[in-house]
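Inspection log for the structure reproduced underneath, given as structure tokens.
The values are calculated or read from the model by the stated rules, or taken from the named source; none is laboratory data. All figures in this text were calculated on a predicted structure; none of them were measured in a lab. Methodologically, a virtual Cβ is constructed for each residue, glycine included, from the backbone with ideal geometry; neighbour enumeration extends over all protein chains shown. Ligands, DNA and RNA are stripped out before the accessible areas are found, and what is left, the full protein with its side chains, is counted by its heavy atoms. Shrake-Rupley method; radii C 1.70, N 1.55, O 1.52, S 1.80 Å.
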Amino acid sequence: MLFAQIMVNGLLLGGLYGLMALGMALVWGVLNIVNLAHGAVVMLGGYCVYFLFTGAGIDPFAALPIAMVVMFALGYLLQRYVLNLIIRSAQLNTLLITFGLDVVLTYLAQLAFSADFRAINPSYAGANLTWMGVTIPLVRLGAFVTALILAGLLWALLQRTRLGRAIRATAQNLVAARLYGVNPAQLYAVTFGLGAALAGAAGGLYGMVSQVTPYVGAALTAKSFVITIMGGLENPFGILLGGVFIGIAEALAAIYIGPTFTDAISFGLLLLILVARPARSLRGA
Amino acid sequence: MSAGAQPMLEARGLTRRFHGLYAVNDVSFTLQPGEILGLIGPNGAGKTTLINLISGTLFADQGELIFEDRRIERLHPYQRAHIGIGRTFQVMKPFPRLSVLENVTVGALFGFGGGERNRDKAREQARALLEFTGLDRRMDQNADQLGGPDRKRLELAKALAMRPKLLLLDEVMAGLNHVEVDEVVTIIKKIRDSGVTILVIEHVMRAIRSLSDRIIVLHHGEKIAEGLPDTVLADARVVEAYLGKRRA
Amino acid sequence: MVRAILLILAVVFLAAAPFFGDAVMIQYGIDALLFATLAQAWNILGGFTGYASFGNSAFYGLGTYGTAIAMAQLHLPFWVGLSLGAFLAVLCAVVIGLPILRLRGHYFAIATLGLSATLAAIISNLDISGRNIGLILPLTRNDVGFYEEALALLVASTLTVMWIAKSRFGMGLIAIREDEDAAQVMGINTTFYKVVALMLSAFFTAIAGGIHAYWITFIDPASAFDLSLNVRMVIMAMFGGPGTVLGPVVGSFILSAVYDALARSISTAAALLFGMVIVLAVIFMPRGLWDLGHGLRQVGWRYFLQNIRLHRL
């Protein structure tokens, strides 16, 4: 039964990880930016939901859309007025500037919110379902379902709407975007905003299943990156699967190898994957 | 070409697929020492892929490549450069933030036999080649400041600096005007006269006709014709596949 | 010639400085010299081949732990410890470099990111390295000695980079940075070149880690395999001018001074400002101080606007 419980824990947490990575994959795939400030945006989303819940008494799940709108605005502005300025610069420069943004966001959060641990605890935080001897915490189940829904919405947006087609065309070719009558600067900002909105939602959920501090960003960025590589840039559901894989691997490692290894495990897996995959398929990224 | 002569390069059944599609399918041919072999075909016929397979930029899925008397299909690109295979790229690949002279010096430092070990001597060789290709006036400019025709010349000079025995030229005349094409044709003939064997991809028919000793035609990755330029260019299948398509 | 004399004078001045400065200045000096060495070491691979390594903090950690294990656990002299650390780091560079240097761009950068996290996890589970508690090295109060060692290491790494910039080897590295496919077909054994560059980088980084460990006398996995240290190396080298001989050194001296001045006021504000400096530097001088120098001489203040015009969407 322990094994089944570990699998369920990993699965539920993995859905959340997958949602987190979706935002990074979208930005990476379309804008060719690996956003090292992604985890910081997740963190800010967590604070957003935390304060909506503790300050305004809004149920955390209901607060998610609000946090998403706020993070969308932040992402839109960052891309429009900062990142767009260097988008054609050397690749390392986009890494560096998003790292700089990560530092700025992290320490702004520390100044504004202090370094305390914050957890989002609604009244139903301790509620569980039990099914065939396996305990399923309601909040984690809710987070998992929310992640699935948002991934589905993203897929529908990309496949079924005019905006989505323009975004996908841009991923192939910047000139093609102009054919859709969209200003590329605008489209880039909207795409980055969408990525940030997904990160914001993931942050809210993360605050419910774990705790938020200003410093969680870096580890979450790293995790998102690993998952993005595993899942590929093309398919939202591939990313969710990557998240589930990492979630389960971490849960297994924590029990069977030792808790000090949980952080190393995703990177160990990443190294293995990068090295095992033929170099040719990774070129030109 | 006497029958018993040792070919410079022999390809046997070269095949390369991308995502299940054949880019090059079971292509065989030989290249005799001192020969200029023209390689033509419509866009997407697999010409550049074939050059990539010979230079090692891509590995073949199947088939054999014999250079002089050794099998080379598993050798890395740099090893093929060391035994005397040099190439140009259709999508030109200059070292953008290095000067024209430095670009060519790299070829001299690392090409045939591992190249010239001394950087000063390599630079002298590069300087001489820049005069030969008519780029000496642009020597100190960065490569990314060159215009189209000069970039083509730079591609050629970089490959020549490697002192190759076999030179693979991928559309070095595309986008050049009449006068420039004639200049490059003259240069290529001079290179051959110095003892270099040449495989040339070209869309400029006038140039390919006057340069080539023989011509191979690729279509959908397969070799559909081979022979003397006038014979091949009159072949009905070639006209249909290649020229006919252009007119359409 | 004039340049060489100026450089020698600068080194003589730096070597004489601790005999005139106070104790605190010497400590800042040691830090600044070690950081400059780390930036220079990063420059060997990152600046010349364009492969941005985030695994140098792993080499630093190996140098740190090699020295600490030799001295604290095996009671061997300092130089044996340094050699052990350097050996471990160079070995790691070969073993890990061969598979991951095939990766390009972001993939390489992030694959190396995993290196220090993984090594830190292993180290904190080994008895010989003191698990996650760390190790204490024998105490030596000789800051001037440490200062001169750090300076010697910086000079050695800079001389190495000077040689690279003039050599056939360096030309090969630069060609890889400019266009790796072209470099390969022109006869450059790119894998070999990249691995050798990584080994050199690992060597100097590990020695710097060893000197720092003996100077600071206490080490643990978190500080030895600190990823933010690697990020500082990258920023300092990029700020100064990647692929130049003196850019990384000058850049890291300037940033160390700025950082220390800020850190003396409030640490959160210092980090915040540091982040802003990075963002602004990437926007306005994406090729570092060295290029900024050229640009200002050629076009004046328009250089900044030019960069934006060149790189914006």
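Can you give me the relative contact order of chain C as a percent, contacts being Cα pairs under 8 Å and 6 or more apart?
This gives 29 percent for chain C.
Enumerate the amide H contacts of residue A:58 below 5 Å, restricted to partners 5 or more residues apart or on another chain; note that Pro and chain-start residues carry no placed amide H.
Excluding prolines and chain starts, which carry no amide H, the hits are A:53.
Chains C and B: buried accessible surface, both sides, probe 1.4 Å, rounded to 100 Å²?
Numbers: alone 15700 and 11770 Å², together 25310 Å².
Chains C and B together bury approximately 2200 Å².
Can you give the helix-only mean residue ellipticity at 222 nm for the protein assembly as shown, where every DSSP H stretch with n ≥ 4 adds -39500 (n - 2.57) and the sum goes over all residues, rounded to the nearest 500 deg cm²/dmol?
Calculated from helices alone, the mean residue ellipticity at 222 nm is -21000 deg cm²/dmol.
Over the whole of C:118-126, what's the average partner chain Cβ count within 10 Å per residue? Rounded to a whole number, please.
4
Hey, in the GNM for chain A with a 10 angstrom Cα cutoff, which one of A:90, A:67, A:171 fluctuates hardest?
Greatest mean-square fluctuation among the candidates belongs to A:90.
For helix B:100-110, report the angle its Cα long axis makes with the longest principal axis of the Cα atoms of chain B; keep it between 0 and 90° and round to the nearest 10°.
The two axes meet at around 70 degrees.
Using only Cα atoms, tell me the angle between helix B:178-193 and the longest principal axis of chain B; keep it within 0 to 90° and round to the nearest 10.
For B:178-193 against chain B, the angle is about 90 degrees.
For the pair residue C:216 and residue C:95, what calculated FRET efficiency results from E = 1/(1 + (r/R0)^6), where r is the Cβ-Cβ distance and R0 = 30 Å, to the nearest 0.05? Don't skip to the end; give the middle numbers.
Values: r = 28 Å, r/R0 = 0.93.
That gives a FRET efficiency of 0.60.
Just to be sure I understand the model, the point goes 7 Å from the Cα along the line to the Cβ. What's the resulting residue B:43 to residue C:73 distance in nm?
Each label point is offset 7 Å from its Cα along the Cβ direction, giving 6.4 nm.
Got the relative contact order for chain B handy, in percent, Cα pairs under 8 Å and 6 or more residues apart? Mind showing how you got there, number by number?
Details: 488 pairs, mean separation 62.9, N = 248.
Reported relative contact order: 25 percent.
Using the Kirkwood radius over Cα pairs, work out the Stokes-Einstein diffusion coefficient for segment A:132-269 at 10 °C and 1.306 mPa s, in µm²/s as a whole number.
93 µm²/s
Give me the percent of Cα-Cα pairs in chain C that sit more than 38 Å apart, rounded to a whole number. Intermediate values should be presented prior to the final figure.
Working: 6019 of 48828 pairs.
Cα-Cα pairs of chain C separated by over 38 Å account for 12 percent.
Residue by residue through segment C:267-279, which ³J(HN,Hα) values in whole Hz follow from phi under the Karplus form 6.51 cos²θ - 1.76 cosθ + 1.60 (θ = phi - 60°), with glycine and proline marked x?
So the J values, rounded to whole Hz, are 6, 5, 5, 4, 4, 4, 5, 4, x, 5, 4, 4, 4.
Please report, in Å, the Rg and the Dmax of the protein assembly as shown, where both are computed over Cα atoms only.
Rg, Dmax (Cα atoms, Å): 29.6, 93.
Round to the nearest 0.05 the FRET efficiency obtained for residue A:131 and residue A:210 when R0 = 22 Å and r is the Cβ-Cβ distance. Walk me through the numbers on the way to the answer.
Values: r = 23 Å, r/R0 = 1.04.
Computed FRET efficiency for residue A:131 and residue A:210: 0.45.
Over segment A:2-282, calculate the relative contact order: mean separation of alpha carbon pairs under 8 Å at least 6 apart, over the residue count, as a percent.
42 percent
Partner chain Cβ atoms within 10 Å, averaged over the residues of C:283-295 - can you pull that number for me?
2
Might you work out the accessible area of residue A:237 for me, using a 1.4 Å probe with all protein chains in place, and round it to the nearest 10 Å²?
Near enough 90 Å² of accessible area.
Modelled label-to-label distance, residue A:273 and residue B:99, 7 Å Cα→beta-carbon offset: nm?
Here the answer is 4.7 nm between the modelled labels.
Could you please tell me the mean projected area of the C-alpha convex hull for segment C:134-250, averaged over all directions and given in square nanometres to one decimal?
Its average projected convex-hull area is 8.4 nm².
Can you list the HN-Hα couplings for segment C:40-55, worked out from phi with the Karplus curve (6.51, -1.76, 1.60; θ = phi - 60°), rounded to whole Hz and with x for Gly and Pro?
So the J values, rounded to whole Hz, are 5, 5, 4, 4, 4, 8, x, x, 8, 9, x, 8, 7, 8, 10, x.
Taking only protein heavy atoms and a 1.4 Å probe, what accessible area per residue, in Å², does chain B have with all protein chains in place?
Solvent-accessible surface per residue comes out at 43 Å².
From the phi of every residue in segment A:88-100, what ³J(HN,Hα) in whole Hz does the Karplus formula 6.51 cos²θ - 1.76 cosθ + 1.60 yield, where θ is phi - 60° and glycine or proline is x?
Those phi angles translate into 9, 6, 4, 4, 4, 5, 5, 4, 5, 5, 6, 5, x Hz.
Taking amide H positions as placed in the peptide plane 1.01 Å from N, state which residues far from residue B:87 in sequence (5 or more) or on other chains have amide H under 5 Å from it.
B:168
Could you give the spread of the C-alpha atoms of segment C:244-313 along their three principal axes, from largest to smallest, in whole angstroms?
Rounded to whole Å, the extents work out to 37, 30, 17 Å.
Could I get the Rg over Rh figure for chain B? Both from C-alpha atoms, Rh via Kirkwood, rounded to two places.
Taking Rh as the inverse mean 1/r over Cα pairs, Rg/Rh reads 0.96.
I'd like the orientation of helix B:119-132 relative to chain B: the angle between its Cα long axis and the longest Cα principal axis, in ° from 0 to 90, rounded to 10.
Orientation of helix B:119-132: about 60 degrees from the principal axis.
Accessible area of residue A:17, 1.4 Å probe, to the nearest 10 Å²?
The value for residue A:17 is about 10 Å².
Taking the Cβ-Cβ separation of residue B:118 and residue B:69 as r and a Förster radius of 41 Å, what is the calculated FRET efficiency to the nearest 0.05? Show your work: numbers first, answer last.
Working: r = 31 Å, r/R0 = 0.75.
Once the sixth-power term is evaluated, E becomes 0.85.
Using amide H atoms built in the peptide plane, which far-off residues or other-chain residues are under 5 Å from residue B:225 H to H?
It is B:217, by chain and number.
In Å², and per residue, what accessible area does segment A:2-282 have when probed at 1.4 Å with the other protein chains present?
39 Å²
Label residue B:177 and residue A:160 with points 7 Å out from Cα along Cα→Cβ: what is the distance between them in nm?
With each label point 7 Å from Cα toward Cβ, the separation is 5.7 nm.
Kindly flag which residue pairs out of B:47/B:190; B:189/C:166; B:47/B:121; A:223/C:166; B:152/C:166; B:93/B:190 have an alpha-carbon separation exceeding 30 Å in this structure. Let's see the in-between values first.
Working: B:47/B:190 24 Å; B:189/C:166 36 Å; B:47/B:121 36 Å; A:223/C:166 41 Å; B:152/C:166 28 Å; B:93/B:190 24 Å.
With Cα atoms farther than 30 Å apart: B:189/C:166; B:47/B:121; A:223/C:166.
How big is D, in µm² s⁻¹, for segment A:2-282 by Stokes-Einstein at 37 °C and 0.692 mPa s if Rh is the Kirkwood radius over C-alpha pairs?
Values: Rh = 19.0 Å.
Estimated via Stokes-Einstein, D reaches 172 µm²/s.
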